[in-house]
Amino acid sequence: MRALTSLAGWGLSLLALAALVKTAPAHVGAAIALPAALLLFFRRDGRPMDAVDGLVLAILTWSILRFATQQAGVGEITLIDPAGSLVDWLFPLLFLPFATLLGRNPCRRTAQLWALMLAGFLLGALGFLIRKGPTILWGGERLGFHLDRPLGIGLYAGTFLVLLVATWSRWGRQPSPWRWPARLLGTMGILLLGQMLISAQNRSTFLALLVALVTAALVGCFSARKTSSRPLTSMLAPVALVALLAALALVNGSVIGKRLGAEQAVVTTIDKQGLDAAPASSISARLHLWQFALETFPEAPLLGHGFGSLVDVIQSRLRPQADLPAGERYDHLHNSYLQLLWSQGLIGFGLWAALIGSLILRLIAAARDAPRLRELLPGIAGAMAFVAVWAAFDYRLNHVDTRMFTLLSLLGLYALGTQRPAVT
């Protein structure tokens, strides 16, 4: 069993390293880690079932029952590949058995996994920049190396950016020979991630970064009130880093301004004449999709319309009455919350909301008695705010390209919620 567990640990590391770069090796890592994780999880060693266990079991049960009723004809019949969509929703739940592989110090192991995620992400970016040339960062072309598109690059760059800024004070605690090299590398990483976020040209990430930094600052100020011994430099350093990011934004002002103003005419038309008068664009398309979801939600408020791609649904029910961009095929609603509500109804939405809420409450409770964890709260809160805003405008978080990130995020929240005062 020890050999199988060790192998599973390596599999989990492979998953983390490849998660944000290539999905194939990440799935291989998951497959290697899963057998031992399931064995350890079902052995339990006397651990009683808690709220998170119960909610994961409830989501699993509900999803399978909803899929069965959908197969029996209860739901939207034009949804494509419902079985594949079911897997997308259930895959992130693997965080619970994978948590058994984190050992006696789950927080330290989680930090290692996130370091591997960052390393893999930066290696993927480096390979992309070598192939395309570094000038692509400033050439005005939308950056994207994950599956050769900018889908997740803004999400990943923004999340790591917020975490690095908010945890700056911990870098100074490195052993003396490594302290300044760590700070230098960290600053260079922040600048690179900031430039990548800008070059990805996702307007939602610009908003998400602003909300995340404000959230981290507010949580940091609240934490500082409870920790009077924090040195002034640890509080001023993040301010300096944010100022550095502001300078980076000014240098890229033309790119940001061009992207923000790309569909200004559409926004003006919507404001003055309404959505139906607006020309086809990414903004108007999202609004049409959201309007469609809200209007058709009452058709199946409790159970939802079912799992599957919405390509045929949008083509047959929305495109004839809405001016959507020609040639675009929309397989989801560009809003993770509406996607969940529309597909799984109030029952599924409530269960997922309860799970996330339970993980957050566990984390807050653990932080009360763990000073080291309390120091991390600004970064965690900022990263969660970034993801929350991103999820409201872009791809669903359980998409095949982003579900590894979602799995590891849930795993991190779960592990941090197990932090104890004696664990550092």
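The values are calculated or read from the model by the stated rules, or taken from the named source; none is laboratory data. Predicted, not measured: the structure shown is a model, and the values here were computed from it. Virtual Cβ from ideal backbone geometry, glycine too; neighbours counted across all protein chains shown. Heads up: the accessible areas ignore ligands, DNA and RNA and are worked out on the full protein's heavy atoms, side chains in. Shrake-Rupley method; radii C 1.70, N 1.55, O 1.52, S 1.80 Å.
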| task | Give me Rg over Rh for the stretch 13-113, both radii from the alpha carbons and Rh done the Kirkwood way, two decimal places. | result | 1.04
| task | Return the FRET efficiency for the residue pair ASN105, ARG179: r is the Cβ-Cβ distance, R0 is 25 Å, and the value is rounded to the nearest 0.05. | result | 0.60
| query | Of SER343, SER13, SER281, which has the largest mean-square fluctuation in a 10 Å C-alpha GNM of the chain? | reply | SER281
| request: Between LEU4 and ALA353, with labels modelled 7 Å along Cα→Cβ, what's the label distance in nm to one decimal, could you check? | output: 4.0
| said: Ranking request for peptides 306-314, 2-10: highest mean number of other beta-carbon atoms within 10 Å first, then the rest in descending order. | reply: 306-314, 2-10
| request: Quick one: what are the phi-derived ³J(HN,Hα) couplings along the stretch 388-394, Karplus 6.51/-1.76/1.60 with θ = phi - 60°, whole Hz, x for glycine and proline? | output: 4, 5, 4, 5, 7, 10, 10
| What nm value, rounded to one decimal, do you get for the distance between THR296 and LEU191 when each label is placed 7 Å out toward the C-beta? | 4.9
| remark: Computed ³J(HN,Hα) along the stretch 236-246: with the Karplus parameters 6.51/-1.76/1.60, θ = phi - 60°, integer Hz and x for glycine or proline, the list is 7, 4, x, 5, 5, 5, 5, 4, 5, 5, 4
| field | the stretch 186-224 and the stretch 303-340: distance between their alpha carbon centers, rounded to Å | value | 30
| remark: Diffusion coefficient in µm²/s returned for the stretch 54-117 by Stokes-Einstein, Kirkwood Rh over C-alpha pairs, 37 °C and 0.692 mPa s, is 233
| said: Over the chain, with a Gaussian network built from C-alpha contacts below 10 Å, which listed residue (ARG179, ARG362, ARG374) shows the highest mean-square fluctuation? | reply: ARG179
| Ranked highest first by average number of other Cβ atoms within 10 Å, how do 84-96, 256-268, 103-115, 384-396 line up? | 384-396, 84-96, 103-115, 256-268
| Portion, in percent, of the accessible area of the chain that falls on carbon or sulfur, probe 1.4 Å | 68
| All-pairs alpha carbon distance profile, the chain, 20 Å steps from 0, percent | 24, 57, 19, 0
| message | Largest first and in whole Å, what are the equivalent-ellipsoid semi-axes of the stretch 325-366 based on the Cα gyration tensor, each being the root of 5 times an eigenvalue? | response | 31, 13, 5
| message | Can you compute 3J(HN,Hα) from phi for each residue in the stretch 14-31, using the Karplus curve 6.51 cos²θ - 1.76 cosθ + 1.60 with θ = phi - 60°, rounded to whole Hz and x for Gly and Pro? | response | 4, 4, 5, 5, 9, 3, 9, 10, 9, 6, 4, x, 5, 5, 4, x, 4, 5
| task | Report relative contact order for the chain in percent, whole number only (criteria: Cα-Cα under 8 Å, sequence separation at least 6). | result | 26
| said: Quick check: pseudo-label points 7 Å beyond the Cα along Cα→Cβ at CYS221 and ILE256, how many nm apart are they? | reply: 2.1
